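A.B. asks: Sharing a structure here in structure tokens format.
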Amino acid sequence: MAKIKRLFNPITNIKPILLMSTWILKVSGYIDRPDKGKCPVIELWMLYKEKKKDSNCQILDTILFYSFFEANLNGAGDDISLQAGNIRLNLPPEKIEKIKAYNEKRVIVGIRPEDFRLAAEHIPGNSIETIVEVVEPIGNKTYVNVKTDDFTLVVVVGRKTQVKAHSTLILEPVFENLHLFDIRDEKALS
């Protein structure tokens, strides 16, 4: 099957992927870009089917890309945090070291659905308190669309995790897998 890298440019690889695929595009929110105005945050899902010896075609997996949101960089030196609305996330020293030379005060934050852990309690600076909007069980995973006051995220949890729409879900991002992008040209910073 196609590599994830190929999915970012489906135009050049459209035939082999589309023959066995169903694509779903969903606008999960909007971000305001100083240079481009209001831009949609688009989630791209690909469901693909494969024949097995003992069954008909069935959905095997879903590939879901990053959730993106904009955040301010607050602090200085070795104490820098991300601030997006009322959400604050303290960056670990490894991330701070990679962005020390960055002069802008805003970044784009990207994180994959599997790079969140469920937390028992909200700890400001380390976790995000969210409200569940949609719960989508697919195979042995459950994809959960959650919302904060300012942005929407997609999170993947285990199939046996009990999550209900409109409930509160506290998430801890895996900080080493959090990606920061330049607000001007969208190049990776970390």
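Here, each number is a calculation from the coordinates, and none is a lab measurement. Only a predicted model underlies this, so the values are computations on that prediction, with no experimental measurement involved. FYI the Cβ positions are ideal-geometry reconstructions off the backbone, even for glycines, and counts take in every protein chain you see.
A.B. asks: So, in the stretch 173-188, exactly how many residues are surrounded by fewer than 17 Cβ atoms within 10 Å (Cβ to Cβ) and either in contact (Cβ under 8 Å) with a residue 60 or more places away in the chain or of a type outside the set (Lys, Arg) (or both)? Before you say what the answer is, go through the steps one by one.
C.D. replies: Just the residues of the stretch 173-188 that are surrounded by fewer than 17 Cβ atoms within 10 Å (Cβ to Cβ), to begin with: 174-177, 182, 184-188.
Pick out the ones that are also either in contact (Cβ under 8 Å) with a residue 60 or more places away in the chain or of a type outside the set (Lys, Arg) (or both) and you get 174-177, 182, 184-186, 188.
The total comes to 9.
A.B. asks: Something else now. Which residues, taken from the stretch 135-161, are farther than 26 Å from ARG88 by Cα and touching a Pro at 6+ places or on another chain (Cβ under 7 Å)?
C.D. replies: ARG159 - this is the single residue of the stretch 135-161 that is farther than 26 Å from ARG88 by Cα and touching a Pro at 6+ places or on another chain (Cβ under 7 Å).
A.B. asks: Right, ALA165: free of Cβ contacts under 8 Å to residues at least 12 places away in the same chain, touching a strand residue (DSSP E or B) at 6+ places or on another chain (Cβ under 9 Å) and surrounded by fewer than 18 Cβ atoms within 10 Å (Cβ to Cβ) or not? Before you say what the answer is, go through the steps one by one.
C.D. replies: Working: free of Cβ contacts under 8 Å to residues at least 12 places away in the same chain: no; touching a strand residue (DSSP E or B) at 6+ places or on another chain (Cβ under 9 Å): yes; surrounded by fewer than 18 Cβ atoms within 10 Å (Cβ to Cβ): yes.
Considered against the rule, which asks whether it is free of Cβ contacts under 8 Å to residues at least 12 places away in the same chain, touching a strand residue (DSSP E or B) at 6+ places or on another chain (Cβ under 9 Å) and surrounded by fewer than 18 Cβ atoms within 10 Å (Cβ to Cβ), ALA165 comes out as no.
A.B. asks: When you go through GLU186, GLU104, GLU129 one by one, which is the residue that is over 14 Å from ALA71 (Cα atoms) and among the acidic types (Asp, Glu)? Spell out how you get there, then give the answer.
C.D. replies: Working: GLU186 fails: over 14 Å from ALA71 (Cα atoms); GLU104 fails: over 14 Å from ALA71 (Cα atoms).
None of the others qualify; the one that does is GLU129.
A.B. asks: Just one of ARG159, ARG117 is free of Cβ contacts under 8 Å to residues at least 24 places away in the same chain, farther than 13 Å from TYR66 by Cα and surrounded by fewer than 17 Cβ atoms within 10 Å (Cβ to Cβ); which is it? Let's see the steps before the verdict.
C.D. replies: On the way: ARG117 fails: free of Cβ contacts under 8 Å to residues at least 24 places away in the same chain.
Only one candidate passes the filter, namely ARG159.
A.B. asks: Just checking, does the stretch 114-134 include any residue being under 27 Å from LYS38 (Cβ atoms) and basic (Lys, Arg)?
C.D. replies: Here is the first cut: in the stretch 114-134, the ones under 27 Å from LYS38 (Cβ atoms) are 115-116, 128-134.
Retained after the next criterion (residues that are basic (Lys, Arg)): none.
No.
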